[in-house]
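The values are calculated or read from the model by the stated rules, or taken from the named source; none is laboratory data. Treat the numbers as computed from the prediction; the structure is a model and nothing was measured. Glycine gets a Cβ as well: all are built from the backbone with ideal geometry, and neighbour counts include every protein chain shown. The protein model used for the area step is the full one, side chains on, heavy atoms only, and it has no ligands, DNA or RNA in it. Shrake-Rupley method; radii C 1.70, N 1.55, O 1.52, S 1.80 Å.
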Amino acid sequence: MIFSRKRAAGRHARDERASEAPETVEGAEPTPARGPYDVTEAPDGVQRLDLGSLQIPAVPDVEVRVQADQQGVIQQVVLVHGQSALQLGVFAAPRSEGIWDEVREEIRQSLFTDGAAAQEVLGEYGPELHARVRTEDGLTDLRFVGVDGPRWMVRAVYQGAAATDPAAAGPLAVCLDGLVVDRGAEAKPVREPLPLRLPREMGEQAEQAGQAEQAGIASAPGAR
């Protein structure tokens, strides 16, 4: 079951961006100039789509496509703008260190096994991977970006024009910059996906759609 909503009008680079942050009250922790933010440091006054562990800022002309089951548990989040897309995932990480370096190497090895070479490039958030893979639709360019936060890691995968030209990411990059992660206090195994759920109104739509689908199957001719 797929829902789509069009929005209306990391740590690798966190230190560099912190120097750009506005001045704060003496003794208070400075708010990073740009995210992804931990929920404890996110700026107020921003409209966001709350998906549980991820909160996605409302950016004009960016469509949020969410694939969820009938219980409202989200399996996939993809943001779309024009001919580019950005797939988002968020995972548990240890308190002491980030995991993107290790995850990035595993992605590289997986791509190599599938016959695709990946090039490591220094991007805005630090090292990222660029690759061209073969899909049912032909060759597709991908750009893997990772951001380590406090006990979490965001993995972002650009497709389309934004995969080969970071400047083309435009509003999608704005969404990544404004992303908020709510890790929660519950202990979780490292790399376990953090839970994502539909907002209440969307969850109710999913439940109603599931009930209607079940009713349609039960009333079909010959159904038992």
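Subtracting the Cα-Cα distance of residue 190 and residue 65 from their residue separation scaled by 0.36 nm leaves 42.4 nm. Over segment 63-180, accessible surface divided per residue gives 47 Å², non-protein components excluded, 1.4 Å probe. With both labels modelled 7 Å from their Cα along Cα-to-Cβ, the residue 44 to residue 116 distance reads 4.3 nm.
Rounded, prolate or oblate: which fits segment 36-79 when a ≥ b ≥ c are the square roots of the eigenvalues of the alpha-carbon gyration tensor, with rounded for a/c under 1.5 and prolate only if a/b beats b/c? Note, shape of segment 36-79 comes out oblate. Here r is the Cβ-Cβ distance between residue 132 and residue 95 and R0 is 35 Å; the resulting FRET efficiency, rounded to 0.05, is 0.45.
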